[in-house]
1. Any residue in segment A:75-96 that is within 20 Å of the chain's Cα centre (by Cα) and outside any strand (DSSP E or B)?
2. Got a number for residues in segment A:85-130 being over 22 Å from A:Gln15 (Cα atoms), more than 14 Å from chain B (Cβ to nearest Cβ) and either of a type in the set (A, V, I, L, M) or touching a Gly at 6+ places or on another chain (Cβ under 8 Å) (or both)?
3. Scan segment B:484-504 residue by residue and report those that are in a helix (DSSP H, G or I) and either out of contact with any helix residue (DSSP H, G or I) (no Cβ under 6 Å at 6 or more places or on another chain) or surrounded by fewer than 18 Cβ atoms within 10 Å (Cβ to Cβ) (or both).
4. State all residues of segment B:304-332 that are assigned to a helix (DSSP H, G or I) and closer than 22 Å to B:Val285 by Cβ; if no residue qualifies, say none.
5. Yes or no: segment B:614-625 includes at least one residue that is of a type in the set (S, T, N, Q), away from chain A (no Cβ under 14 Å) and surrounded by fewer than 24 Cβ atoms within 10 Å (Cβ to Cβ).
6. Take the residues in segment B:696-712 that are assigned to a helix (DSSP H, G or I) and either away from chain A (no Cβ under 12 Å) or hydrophobic (A, V, I, L, M, F, W, C) (or both), then tell me which one is nearest to A:Leu118 (Cα to Cα).
7. Answer yes if at least one residue in segment B:658-674 is within 14 Å of chain A (Cβ to nearest Cβ) and buried (at least 24 other Cβ atoms within 10 Å of the Cβ), and no otherwise.
8. Quick check on A:Leu156: is it farther than 25 Å from A:Pro257 by Cβ, assigned by TED's automatic domain parsing to the domain that holds A:Arg260, among the aliphatic types (A, V, I, L, M) and buried (at least 20 other Cβ atoms within 10 Å of the Cβ)?
Amino acid sequence: MKKHDENNGFIFNIQKFSIHDGEGIRTLVFMKGCPLRCIWCCNPESQSFTEDILFVRTKCIGCGYCLVKCPQQAVSPDDFTIDRGKCTVCGTCTNFCYAEAKKKVGRWVTIRDILHELEKDRIVFGHSGGGLTVGGGEPLSQPDFVRTLVKDAHQLSFSTAMETCGHGKWTDLEGIIENLDELFMDLKNMDPERHKQLTGVDNALILENAEKSAKTGVKLTFRLPLIPGCTDDEENVAATARFVSKLEGNVRLEILPYHRLGEDKFEWMDREYDLKGVQVHDEKVKRDMEELARSCGCQVV
Amino acid sequence: MLPERDKAVLGEFSYDGGNHFPRIDKLLEEYWTHKPMLDIERAKIYTRVYRETEGERINIRRAKAFKAYLEEREIRDPGLQLIIGDTAQQPRAGTVCPEFHSGWLADEIDTIATRKQDPYGTTPEMVKELKEEIFPYWEGKTVVDHWRKQLPEWVAQLALKTGIVDADIKTQSPPGEVAPYWAMILKKGWGGFIKEAEMHIANLSDIDPEEAEKIDFYRGSIITMEAMGIYSRRVAEVAKKAARTEKDPKRKTELLRMAENCEWLATEPPRDFWEAIQFIWLILVGCMAEGNAPSYSPGRVDQLLWPYFEKDINEGKMTVAFALELIEAFCIKTAESTWLLSENAAMYFAGYQPFHTLNTGGIDTRGLDATNDLSYLWITAKMDVPLHAPSLCVRVHKGSPEHFLQHIGKLARMGLGYPAIYNDESAIKMMLLSGGTLEEARDWQIVGCVEPFISGKMAKWSDGGHYNFATAMEFALTNGRSLMNEGKLLGLETGDPRKMTFDEIKDAVKAQMAYLIEAISVCAHICERLYYEMTPFPYMSTLLDGTYQSGKDLTAGGVKYTYGPAFIGTGIADLVNSLSAIRKFVYEDKTITMDELIKALEANFEGYEVIHKMLSNGTPMYGNDIPEVDIMAGEFSDFAYEEIIKHKSFRGPHYISGLYPVSSHVPHGLVVGALPYGRKAGTPLADGLSPKGGTDLHGPTAVLKSVSKVNAEIHTAGTLLNMRLDPVSVKGDLGLKRISSLIRTLVDLNIYHIQFNVTNSEILCKAQKTPDKYRSLIIRVAGYSAYFTELCKEMQDDIIQRTIHQA
């Protein structure tokens, strides 16, 4: 199997005209593979370090090519569902799915590929203050690639930003920060046990990296996703805010409202979505929580 | 930044809109009570005068008819207005011009009140009068009657019987599409023209045949100028009469002032802001009286009115707030006129749009930024008076103030589809290419939809006919047969595509394009000559530069710069995507054979669902910044340009090219069969330079990059790009910065035009279901705005389908 290194990276998407992930109009590179398994993940196809096949049932026209072509006989003749146990993710079905109902996710790219994409939007970045944002998945899981990418992008005068869950080696993060204009780091839950329940890992490493990152002086925005029943209790918000307010450096907190855009994607992967039926907060809840965080002495954006 | 001014000078208002001048609110309320009706007053008077003047020279007959109309037509009570004079008997009425309209109106008179797109109400008396008195006189005498008889058969097949090329718009309605030479008119006044014409006549002799024709030209001109003077005084009388019974002393003073304005203007040029804006309106009333046509453009209103504004403000005669109120009153007046069209043509120019286009911003004749307070105020007025007319265009350049661009952003994100944004640098090059001096080119303006003109010095007919790129693609694959016309041979026989290489396919497309362009050019020069012979425009000709020097009517080529007519191409994306699909699936991947592809197209993909999905999902499409695809848009639009300028027109040196389709991409779609990239038969084509709706998947920046591959400047009649933005991405101060940075990107990429649609599909769907609740919802249909709920269902569906660039 191919391995990521300083020239090769594994991504699942490149998105242009992104406006919520750093200054101006940006190009977002989504790395594939993440050490966390957040139950609310809105990009579940970003989690595994290998390719995935999605099945978007609404797009299926019932042509039956996938059934006929699958070398593992992993496709059900009734409704063309994939038997995930049998499937080896070879991708044959997706090659013949012209309706784009079965899609393969995950592709290898080189530094040059990404720089080429960035170059296309240079004119737009220039006026808006935009540039490259590396997200995921988890960029820290492919540290050599991401470090080279932000360094080269910086050298070519692109603004650089990264979004991370913070769960990675400090030495890797430190090397990347050297060439970052802006860093976004998630703080999901301050309680180590609860954090582990919700994401699969405890938060010790993340909090340690948060403190160290703040000290470098990089522009750092912590993000608290407000997930109903998971992270949205006042206690957690207050604890997060207090943590941020005590850090030295160029820091602030952003509270992100919960959205259900990931729900469909869980279904496309034939996975259960644990938050099924959970209602989205109204605007006021988010505003109240922002007030609360401010009252804890934290700068909120 | 705006200059600081005292509160006393500014008055009460906000530059950011949301101003509710009580008078303006009431006028708007009133506006909506008017349903579009036919107006036959002009038809009656013109028919009578034509009868009385048979045997006289045609321009004199038309000048006399014009004068009689202005002497006799009804003048409405001013009501609450600050600007007076009417373009029709009642607001939103369509003035019947029998010399143009009766050809089609005689056939459509019983259905015009109930037709799908842009209906006009009628009364039984009106219909009776038209049928008994008016239509019989004009039978066989209209432009269109002559034109139809004079078209050669091969052209008639394409232009009359199938609509594959569309070139009859100029035969069905007067031409319009001019920018009066405001800078000159505002200085001379109508009286000034009369004096000058008399001097010319004194120096000419009717013994010489050429000079005799010129004498007639000046005589015609004098008659129309006298007519405007008479009309001005009549309007003043009506205001005075209203003043006599007016109880409110403040309103009484206003009415008397308005009467004074118009009395003065009967012979003299305007002295202050109010008079100047009233004068512009009266001139437009004259334009619409001579011909119910589109695109009489008020021009660079911020520049033209600036001296009057500055003087009045500095002398304390007027507050900025009152200037804004006058501007808003003017805007409501312009929305009162409509352009009357046949049922077919209304599909092309949907939405009762008169195209009175205003321009603000940009550079001056010396190349310096010319943005002033008025540039902002006209934009503010549009926020306050969100009607479909007037069209508002802004000029931008590298040195446009950031504050101005964000002011534009504030209007753009209201979702009215206004303003249309134009890049000075591109437009100036286009005007240089059209023969203007550098100073003239810098003083360019938009006329109509997206067409750049040198203010007051140009005649071109920016819409001389429409062709589409998709038909050429179809004919190349069918060896000239039309899929939507039972396989009838309507194009060239370019050979069997099954035996061609990819390059040969492209050559076949080009041969078909050349053929379609030849057909339109025949339509156009016959029509131009008929205008010269049958319908000179003595009034409009007076208002343009060059006619008084040459002593010739605009239809005789008398205007300083006469280029065109323009041929407008639509569906470049359809052609490029089709070629891209053929290249990938037939020649490169060899997934299907040409024969299979053609069979699938002939079957409109019925029974070929998998192939259909493969083509629609797998084709690399225009609009996604894929250089090898986008470069074909450049190649084929360049080719169209070269073919078009090859042909000589009747009045000018050659035709010109444009790539703005108004809404012609919908009717043109009806005559085009299935296309290789998965488009089904009869569905709309892509508009202008825009990517095909739903196929641009990489956001607006990729669209801008793709579009920049077209050599926009050679298409001197204009190009067009629509971009839908989601409301989320333009929210707040950050949203304004975002719009501004997109505009600056457009300048950097040398893109000529862009307009933003900020609406979401949800709202549009709701509006489709419950039109009553959304009657003021405006949406851009190609180069202009129309009320969404007034569009027909096909058009609405097309708008909903376009990709939303969700951020």
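The values are calculated or read from the model by the stated rules, or taken from the named source; none is laboratory data. Not measured: the values here are computed from a predicted model. Quick reminder, even Gly has a Cβ in these numbers, built from the backbone with ideal geometry, and neighbours come from all protein chains shown.
1. No, every residue in segment A:75-96 fails to be within 20 Å of the chain's Cα centre (by Cα) and outside any strand (DSSP E or B).
2. So the count comes out to 1.
3. Answer for segment B:484-504, where residues must be in a helix (DSSP H, G or I) and either out of contact with any helix residue (DSSP H, G or I) (no Cβ under 6 Å at 6 or more places or on another chain) or surrounded by fewer than 18 Cβ atoms within 10 Å (Cβ to Cβ) (or both): B:Met484, B:Asn485, B:Arg498, B:Lys499, B:Phe502, B:Asp503, B:Glu504.
4. Answer for segment B:304-332, where residues must be assigned to a helix (DSSP H, G or I) and closer than 22 Å to B:Val285 by Cβ: B:Leu304, B:Tyr308, B:Ala323, B:Glu325, B:Leu326, B:Ile327, B:Glu328, B:Ala329, B:Phe330, B:Cys331, B:Ile332.
5. Within segment B:614-625 (the criterion being of a type in the set (S, T, N, Q), away from chain A (no Cβ under 14 Å) and surrounded by fewer than 24 Cβ atoms within 10 Å (Cβ to Cβ)), the answer is no, since none of the residues qualifies.
6. Taking the candidates together, the pick is B:Ala702.
7. Among the residues of segment B:658-674, not one is within 14 Å of chain A (Cβ to nearest Cβ) and buried (at least 24 other Cβ atoms within 10 Å of the Cβ), which makes the answer no.
8. For A:Leu156, the condition - farther than 25 Å from A:Pro257 by Cβ, assigned by TED's automatic domain parsing to the domain that holds A:Arg260, among the aliphatic types (A, V, I, L, M) and buried (at least 20 other Cβ atoms within 10 Å of the Cβ) - is not met.
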